[in-house]
Structures are given as C-alpha cells and as structure tokens.
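One structure is given below, encoded as structure tokens.
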Amino acid sequence: MVASRLSKVCLFGFEPDDPNRAHIQDLDVISVLDEADSPSSFGDWAQRLGDEIDFVIVHLDHRDKLAIIEQLTSILPRCRVIAVGPPDSTLIVSAMRLGCAQFVPVPIDPEDLRSAIASAKTDRGETWETKRLCVIGTSGGSGATTISCSLAAELGAQGSSVVIVDLDLEFGGVACAFDCSAEHTLASLCIKAPVDKDMVRSSLVDLPDNISILARPNDMEQIYEVTPEKLKVVLDILNTLFPYVIIDMSRINGELGRVALQDADRILIVLQSSVMSVRNANRILKILNKTGVDPDKIEAVINRSQSKDAHGAFKELASYVKCPVYTRVPNDYSQVQSSLDRGVMAVSNKGSQMHAAIREIAARLTGIDIQAKNAPHGWLDRLLGLIKPAH
Ligand SMILES: Nc1ncnc2c1ncn2[C@@H]1O[C@H](COP(=O)(O)OP(=O)(O)OP(=O)(O)O)[C@@H](O)[C@H]1O
Ligand SMILES: [Mg+2]
C-alpha cells in the first residue's frame, strides 16, 4: 500500500529569472531537492541524492539541449525526466524518443504540470493506492454520504471490491442510499465481541457490483455497543477483506472517529460553497493536525457547487481551505435523485459532470484513471499519436 507523498524533483537549466520556476516550486505535489545548470552536477546528484530523486525537470529551450536527456538518464537511470519547453513538435517528439517521460509546454500551466507528474508516477508504477478512505462532512447535508456511496459505486463498477462502513451511528443513510435494509449492523457485530473474520463477513450486506455495506445500528440504543476498541478490531479485519474500505464518518465523531482516522490512507473533507463550511473544514483540519494525521493524506472537495460558481469562484473558495481542494462536484439534483430513486448510488449518466467529478476523485484514490488510460486526449496525446504506430 502506497500513500500519497510528495515527488522529489531536481531542476535543470532554468535561468535565474525564469518565471516558470515559481510555478514548479508552488506545486503542492512536489518538493524541490536541488537545482543545477551544468551537466557536471549530475554526478554529484547521483552521489548525494541518487535514490531520492523521482524526477528531474529539464528546461529544454532549444534542440541543442536534447543531449542533456541522454546524459541524465545514463548517470541517474532510476529517475525520470520531465521536459518543459516551447511547444515545438520536432523538439517534443525528439525529447520523447530520447526517453523523456512527459513534456510540458511553456509558459507552464500548473495544472498541466500536475497531470504530467501524475502520469509519470503512474508510468513508474507508483500510485496513490488507498485502502481506507474516511469521508467527513463539514455541515449537515454537505454530501458526505452521497460522495462516499458514489465513490464506492464508481470503484465497484471499475471492478474493485469495496465496503462502506456507516459510522454515522445515529442517522447514517448508507443502507438507505442503496435502498436496502440490514439485518446485521456494526452494533450487532460489536455486541458479539470478540469478533472474527467470519462474523464480520456475515454482518455485511452484499450488493451487486462489488459493493458491501456495514450498516449503522437499527436501534438507536445500540449505538453504545460500538466502542473505540471494538471498532478498531472490526476495521482492522475489514482491511484484510477488501481492497477499499470507505468510512462515511459524518462528523469527526470523537473517539470513534479517532480510531477510524488512525490508519486512514486518505481523508476526504466534503464542503459546500459556504463560509460556514470553509470555517468548519479548517476546524476539522486543526483537530486532524493535533491528532497527528499526516497532512499529505488529506484533501477536500467542494460539493453541490452551482454552475455560477464555475472555475474562478471555486478557486477563490478553495484558497481559504487549508488543505488541497482538487475537485468541484456540481450540484446535480436530477442525477442524485435518479440514483436515489433507483437505489443505486452509481452516477448513472456517465457523460455528466457529476460522474466526471466522482471519477476524478476515484482516480486519485486508485492512481488509475480508466478513461484517461483508454482514450487519448489533449494536444500531447494527439501529437504523440503521430509517432506511435496505430494498432
Ligand atoms: N452534488 C449533489 N447534487 C445534488 N444534490 C446533492 C449532491 N450531493 C448531495 N446532494 C443531496 O443533498 C442531501 C444531503 O446529502 P448527504 O446525505 O450526502 O449529506 P451528508 O453530509 O451525508 O448529510 P448528513 O449531515 O445528514 O450526514 C441529499 O438529499 C443528497 O441527495
Ligand atoms: Mg450522511
């Protein structure tokens, strides 16, 4: 299991006043280890930083500099080269032929660079593979349950087995979202402690499409059966049974939440476009920080974003949240309602923006973007299509 981590990069060939450097240094998925402008530094990097360097970002402002790629890859065979330079097709094709992993045109668009790094990581077999994902809402109805269930449905549809644990013991709506009732629940399981694998397995509701549910207690008085110690045992067993465990936490949830968060690989904070939601998100981040949660594991999404909120407003709101906010999930009443009516949280309209947003979050959890993997897109893919023989 590999949790999200910063990629360690060295920079090569950037002029002192090159404005592209700031775009690289500001990117929240990388950490810059060193910088050089002469190939004589490659030996020093190999000695000092050898195994640490994930990528070298090379400024290829001219074809004369192409030889740098060969020199680099012979001295540092493990690290990969990402080139940045003018969008000159001959330069790009030559760079890729020499073994450059990705090419980002200048002036650098930070989002282009982010996806180049993500693709290069996937090529290296490095992924943000997640086992346990905790989803926390920032206010009543912010969409934690909808996002948890939609993500589970998306992962299930992609062929992964996933279990959703409903940790909103009082009002949890996971079973309801999938239009099922649960004879056995998290509470009835905890009553039987000590629990073993078979008991956990038989307490799940198994649904089509690789999804299982561990539901909230049927009777409210049973919520006290779920103690932090028993919850930990159950979650540890689920970790051994499923590749993905999604915990719909509702809120931080005191000691129970602490147990769930303890071994989380990823934490998703669900906001709505409101000041209160942003404030609550930052309060949640503060407590996560105090609890010792690795900040690299945390991201937020803004849910129910209105179309008038489009990109600019989303970015402004996101700038107030003290963790990365990658995704805007649109407000799509008909999509959510039709999923609820059908009792399947799969976002049914595969072409919809809502589905694109859920798929984007799922891709970050798994490190695999099914569509991006299958379909060429963007100018670089089209360009490289020229040098890849058609099958
Ligand atoms: N992106 C969306 N577009 C439209 N409606 C949505 C969206 N996300 C959630 N909803 C609707 O908002 C309501 C609240 O969503 P949900 O139950 O997922 O929130 P929650 O954070 O889990 O709430 P709670 O605080 O009760 O646990 C539901 O009726 C759901 O259908
Ligand atoms: Mg909920």
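Values in this text are rule-based calculations from the coordinates and carry no lab data. All values reported here derive from a predicted model rather than from experimental measurement. Neighbour counts run over all protein chains shown; Cβ positions are idealised from the backbone, glycine included.
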Provide the net charge surrounding residue 298, with neighbours chosen by a C-beta distance below 10 Å and charges set as Lys +1, Arg +1, Asp -1, Glu -1. 0
Antiparallel content of DSSP bridges confined to the chain, in %, to 5: 5
Length gained when the stretch residue 322-residue 289 is fully extended (0.36 nm per residue, less Cα-Cα span): 10.8 nm
If you build the convex hull over the alpha carbons only and average its shadow over all orientations, what do you get for the range 132-366? Give it in nm² to one decimal. 11.6
Taking Cα atoms, the helix 144-157 axis meets the longest principal axis of the chain at an angle in degrees (rounded to 10) of 70
Residues of the range 41-64 with the amide nitrogen closer than 14 Å to a label point 7 Å from the Cα of residue 32, along Cα-to-Cβ, please. 56-59
Excluding residue 194 itself, what net charge comes from residues whose Cβ is under 13 Å from its Cβ, given Lys and Arg +1 and Asp and Glu -1? 0
Evaluated over the range 50-127, the Cα radius of gyration and Dmax, each in Å: 11.8, 34
Given charges of +1 on the Cβ of Lys and Arg and -1 on the Cβ of Asp and Glu, with all other atoms neutral, how large is the dipole of the range 132-366 about its Cα centre, in debye to the nearest 20? 880
Going by how many other Cβ atoms sit within 10 Å of their own, how do 14, 314 line up, fewest first? 314, 14
Provide the FRET efficiency to the nearest 0.05 for the residue 296-residue 41 pair, computing r from the beta carbons and using R0 = 25 Å. 0.30
Take every Cα pair under 8 Å in the range 132-366 that's 6+ residues apart, average their separations, divide by the length, and report that relative contact order as a whole percent. 28
All other residues with a Cβ under 14 Å from the Cβ of residue 181 taken together, and with Lys, Arg as +1 and Asp, Glu as -1, what is their net charge? -4
What do you get for the angle between helix 228-241 and the principal long axis of the chain? Use alpha-carbon atoms, 0 to 90 degrees, nearest ten. 60
Could you state the angle between the C-alpha long axis of helix 110-123 and the longest principal axis of the C-alpha atoms of the chain, as a value from 0 to 90 degrees rounded to the nearest 10? 80
Using 0.36 nm per residue of separation minus the Cα-Cα distance, give me the extension gain between residue 314 and residue 219 in nm, one decimal. 30.2 nm
Of the listed pairs 131/297; 230/297; 8/322; 8/315; 197/230; 8/131, which have alpha-carbon separations greater than 18 Å here? 230/297; 8/322; 8/315; 8/131
Between residue 97 and residue 356, take the C-beta separation as r, use R0 = 25 Å, and let me know the FRET efficiency to the nearest 0.05. 0.15
